[in-house]
Each structure stands twice: as C-alpha cells, then as structure tokens.
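The values are calculated or read from the model by the stated rules, or taken from the named source; none is laboratory data. What you are looking at is a predicted structure, and each value in this text was computed from that prediction instead of being measured. Using ideal geometry, Cβ is built from the backbone for each residue, glycine included, and neighbour counts are taken over all protein chains shown. Quick note on the areas: whole protein, heavy atoms, side chains included, nothing else; ligands and nucleic acids left out. Shrake-Rupley method; radii C 1.70, N 1.55, O 1.52, S 1.80 Å.
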Amino acid sequence: MTMNQKKNFTALTLSLVLTSLSACSGGPAEKPPLQSISSPALLLDQGIQKYNNNDYHRSISLFEKALLQYRSIDNPQGIAQCTLNLSKSYMAVNNNELASHYLDKAGSLIKQEGLDELNEHLQLLSSSLAINEGRFDDAKNRLNTVLNSKKSDRKLAALKTRTRIAFIKNDSDKLSWL
C-alpha cells in the first residue's frame, strides 16, 4: 500500500468509526410505559367491570392476578382494594369462608397501614358477611359508623343494608328504614 492509500484508508476507517459513534449517541431511547404500576390497576378495573356484569368467577381471577402484582410491588392500597373486592366476589358466589378470610386480611392491612379511607368499605362488606351468616346484631353495629358517612354513596349503601336487615328480621321499624 502506498502512503496515500494508507492515509485514505485511515481517514475512511476513522470516518466510519465516528459515524457509528454519533449514530449510537443520538439521544435517549424512548422508554416503554412502566407496566409494573399500571398493570395491576388495569386488572383491578377489569375485575370490577366483570363483577358489575355478574361474572363473579372471572372477577375473582382478575382480582387475584391484580393482588399478586400489587404484592410484588409492595403497594398496600392496591393489596387492600384487591382483598376487599375478592371478599365481595366470594360473597356473591356464596363462599363466605373465603370472603371472611379476605376481609380479615383487608382489615389487618387497613389497620396496620392506616388506610382509613377504606375502613367504611370494610365495614359495609363485614356487615354484608354478618347478614349472610345470620349475625344481624353484628351487622347493625358495623353499619353505625357508615350510616354517618360524609360520602353519600357509602351512606346510601349503609342505609340499603340496614333496611335489608330490618326486612329480614321483620323489625317494627322496617318502614322507617325504607
């Protein structure tokens, strides 16, 4: 090789190296959306939709998947919501034993983590379970705090549940609850 060819070869090689380096450092690559946070929330929403459409077995499956993912990212709020929804779904298919199991887990987590905003929901579900098991006085006691709720949807649910108890027991005040 002549000296001129060596210079051209070196210049060409250097040019290729610089081009490839500049192509690799063109800017940050776009990151895909973080699935670990949005995926359990999506599963939870899908479970709620299935529950609302009376597809309880499918809702249970979705809530269990969401629960597993919320546990993997250590999200107490999501875990509590899943356990509450699992309890409600198991009550819908008359499996009060599993419903009770999930309510106990939810209650412990809500207390331990200070998730007070979920306490009324817990009391409503606990009251429904108590009705299913024929423990009407316990059901009434659990509704007392929710009947005074500042959230109208929860207060309405508590009134509906209290009316249900009055009619099941044929209480003399059933019309006033209605």
(message) So the check is Cβ under 9 Å with 6+ separation or different chains; which pairs have a first residue in region 143-165 that's under 16 Å from Trp177 (Cα atoms) and free of Cβ contacts under 8 Å to residues at least 60 places away in the same chain and a second one that's open to solvent by 80 Å² or more (accessible area, probe 1.4 Å) and in a loop (DSSP other than H, G, I, E, B)?
(response) Lys155/Asn148; Ala158/Asn148; Thr163/Leu178
(request) Being in a helix (DSSP H, G or I) and out of contact with any helix residue (DSSP H, G or I) (no Cβ under 7 Å at 6 or more places or on another chain) is the filter; apply it to region 131-152 and report the residue that is surrounded by the most Cβ atoms within 10 Å (Cβ to Cβ). (result) Asn141
(message) Just to check your reading of the model, which residue among Ala41, Ala106 is hydrophobic (A, V, I, L, M, F, W, C) and within 10 Å of the chain's Cα centre (by Cα)?
(response) Ala41
(message) Please go through (1) surrounded by fewer than 17 Cβ atoms within 10 Å (Cβ to Cβ); (2) of a type in the set (Val, Ile, Thr); (3) modelled with pLDDT of 95 or more for Ile168 and return the number of the only condition it doesn't satisfy.
(response) (3)
(request) Taking the options Leu125, Leu98, name whichever one is assigned to a helix (DSSP H, G or I), open to solvent by less than 20 Å² (accessible area, probe 1.4 Å) and among the hydrophobic types (A, V, I, L, M, F, W, C). (result) Leu125
(request) Assess whether Ser127 counts as being small (Gly, Ala, Ser) and closer than 25 Å to Leu43 by Cβ. (result) no
(request) For Ser176, indicate whether it is assigned to a helix (DSSP H, G or I) and at negative phi. (result) yes
(request) For Lys50, indicate whether it is open to solvent by 60 Å² or more (accessible area, probe 1.4 Å) and at pLDDT 95 or above. (result) yes
(message) For region 59-90, give me each residue that is more than 14 Å from Ala41 (Cα to Cα), touching a Ser or Thr at 6+ places or on another chain (Cβ under 6 Å) and either open to solvent by 10 Å² or more (accessible area, probe 1.4 Å) or modelled with pLDDT under 95 (or both).
(response) Ile60
